[in-house]
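These notes concern the structure reproduced below.
The values are calculated or read from the model by the stated rules, or taken from the named source; none is laboratory data. All of these numbers come straight from a predicted model, not from anything done at the bench. Here the Cβ positions follow ideal geometry from the backbone for every residue, glycine too, while neighbour counts run over all protein chains shown. For accessibility, only protein heavy atoms count, side chains too; no ligands or nucleic acids. Shrake-Rupley method; radii C 1.70, N 1.55, O 1.52, S 1.80 Å.
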Amino acid sequence: MRWTPQPADPLHFWIGLAPRSWPVGEGLWVDLARGGLGTASKVSHEIPEQWPGEPPAEVVYLPSVPEDLEGRRSGLVASLVDIGAPVLVQARAGVVPGVDPRWVVFDPLEALLAGNLELLKDLPSDSRVMWPLIAGLTDDRGQWEKGFAALASAGVKHVQPLALALDPASKRRLVERAGEETFDSLFHGVSPSERSFSSLAAERGFGPFLPRPLPTMGANRENKKLAEQLSIAGELWLRVGRSESGGQNLFRSARWVDRESHDLSALCREGNLGVFPWLDSTSSQVITDFVTTGAASLVQELEQEYLGGPRT
C-alpha cells in the first residue's frame, strides 16, 4: 500500500499521510484528506497488518472499511500507536471501531442523507465528528439544530464542518442517491458556510476544529502542539479577512516548528526564540503565550471574531 504526503492543517484534519487507494465498502463517505466525496478503489488492496518502515512523523489517515476488514485496520492502528505515531481513524456514524476513541473521527454523511439524526445520539461520549456541508442536502439550519441536540445528548465535544469540494461525477452520485429534485442545488447552489455552522455550533459548546492527533512519544511532540496553535491562528486569520501575508507567515512558522528538532518550549522559557530568523514576531508571541499560559491570546481573539462574525 502506498501513501501520499500532504501538508498538515486544521482544514484537512491534520492529515499528513493518506492512502492512495483504500478498500472502502458500500455507501457514500467523505475523503477527509481531499475534502471531497470519497471513492472506492478499483484495485484490490489489502490493509497491511503493521506499519512498514520507519515510524511516520505525521498523522496517518485510515478511512472507513467494510466490517470484515475492521479487525485488520485495528491491527494497523495498534502497530502505529506502538511506535508512537499519530493516526486518524474514520468511522461511519453507527459503527464503533475497536480502537482508542481519541484517534477516531465520525463521518455522518450516510445518516444525514437518510435523515436519521437519531443515529447521532448513539455516538460514544467525547466523540469527534466531521459534518459534511453539501448544498441542498446538509445545509439546512433546522437540520443543524437537530443535529447539535443529538450530538450534545451523546456527549460529543467537537464537531467540525467541511464544505465538500464536489466534482461533476460526485454531484451526479449524490443526485442518484438523493433524487433529481436535488440537481439544481447540487450543480448551481451556493456552497454552505462553514463559518455559519461553526458559529451556531459554538453557541452549543462545540469547538470549531478537531484537536490535532499527537505522537504518543518522541522529542517533537511538544513542537507539534505549538505548530497546531500556529496553524489554527493562520487558518482563522485568513478566514476573518486579515492580510494574506500575515496568515501565510503563521502557516510558514507552523511548518518550520513541525520540522524543528530543538525543544522550542524549553528555548522559549529560556528567552531564546530569537535565535530562529524564520520566526516572525506574531508567531513568536503565539508560542510564548501558549508556553507560558497554556493558551495563545491571538488564537482566542481570532476564534472569537470568527465565531461571532456574519452568518452568511
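Among G147, G205, which is the only one that is open to solvent by 40 Å² or more (accessible area, probe 1.4 Å) and touching a residue at least 24 places away in the same chain (Cβ under 8 Å)?
Matching residue, one of G147, G205: G205.
Would you be able to say whether some residue in the stretch 266-289 is in contact (Cβ under 8 Å) with a residue 12 or more places away in the chain and in contact with a His (Cβ under 9 Å, 6 or more places away or on another chain)?
yes
Hey, does the stretch 227-239 have a residue that's aromatic (F, W, Y), under 24 Å from H158 (Cβ atoms), open to solvent by less than 30 Å² (accessible area, probe 1.4 Å) and under 20 Å from the mean Cα position of the chain (by Cα)?
no
Enumerate the pairs (first residue in the stretch 10-31 and under 15 Å from V89 (Cβ atoms); second residue anywhere and in a loop (DSSP other than H, G, I, E, B) and basic (K, R)) with beta-carbon separation below 7 Å, excluding pairs fewer than 6 apart on the same chain, so at least 6 apart or on different chains.
W14/R212
Would you mind listing the helices (runs of 4 or more DSSP H) fully within the stretch 164-260 where at least 2 residues are over 21 Å from P10 (Cα atoms)?
168-178, 183-188
Give me a count of the residues in the stretch 214-226 that are open to solvent by less than 10 Å² (accessible area, probe 1.4 Å) and either in contact with a Leu (Cβ under 9 Å, 6 or more places away or on another chain) or modelled with pLDDT of 95 or more (or both).
3
Which of the numbered conditions does I287 fail, given that it passes all the others? Conditions: (1) surrounded by fewer than 21 Cβ atoms within 10 Å (Cβ to Cβ); (2) of a type in the set (V, I, T); (3) modelled with pLDDT of 95 or more.
(1)
Where residues in the stretch 128-152 are in a helix (DSSP H, G or I) and among the charged types (D, E, K, R), which of them is nearest to L174 (Cα to Cα)?
R141
Which members of the stretch 75-112 meet the condition of being in contact (Cβ under 8 Å) with a residue 60 or more places away in the chain, touching a Phe, Trp or Tyr at 6+ places or on another chain (Cβ under 6 Å) and farther than 21 Å from L133 by Cα?
If the condition is that a residue be in contact (Cβ under 8 Å) with a residue 60 or more places away in the chain, touching a Phe, Trp or Tyr at 6+ places or on another chain (Cβ under 6 Å) and farther than 21 Å from L133 by Cα, then V87 is the only one that fits.
Is one or more of the residues making up the stretch 154-161 open to solvent by less than 30 Å² (accessible area, probe 1.4 Å) and either touching a Cys at 6+ places or on another chain (Cβ under 6 Å) or assigned to a helix (DSSP H, G or I) (or both)?
yes
Tally time: how many residues in the stretch 19-35 are open to solvent by less than 70 Å² (accessible area, probe 1.4 Å), more than 13 Å from the chain's Cα centre (by Cα) and not hydroxyl-bearing (S, T, Y)?
Number of matching residues: 8.
Could you check, for the stretch 52-63, whether at least one of its residues is open to solvent by 10 Å² or more (accessible area, probe 1.4 Å) and touching a helix residue (DSSP H, G or I) at 6+ places or on another chain (Cβ under 6 Å)?
no
Name every residue in the stretch 183-196 that is buried (at least 18 other Cβ atoms within 10 Å of the Cβ) and touching a helix residue (DSSP H, G or I) at 6+ places or on another chain (Cβ under 6 Å), in order of residue number.
Once the filter is applied, which keeps residues that are buried (at least 18 other Cβ atoms within 10 Å of the Cβ) and touching a helix residue (DSSP H, G or I) at 6+ places or on another chain (Cβ under 6 Å), the stretch 183-196 yields only L186.
Could you check G142 against (1) open to solvent by less than 50 Å² (accessible area, probe 1.4 Å); (2) touching a residue at least 12 places away in the same chain (Cβ under 8 Å) and say which number it fails?
(2)
Do any residues in the stretch 227-252 that are hydroxyl-bearing (S, T, Y) have Cβ atoms under 9 Å from those of residues that are in a loop (DSSP other than H, G, I, E, B), where the two are at least six apart or on different chains, and which pairs are they?
What qualifies is S231/A8; S231/D9; S231/W14; S231/R212.
Could you go through the stretch 272-282 and let me know if any residue there is open to solvent by less than 30 Å² (accessible area, probe 1.4 Å), assigned to a helix (DSSP H, G or I) and not small (G, A, S).
There is at least one residue in the stretch 272-282 that is open to solvent by less than 30 Å² (accessible area, probe 1.4 Å), assigned to a helix (DSSP H, G or I) and not small (G, A, S).
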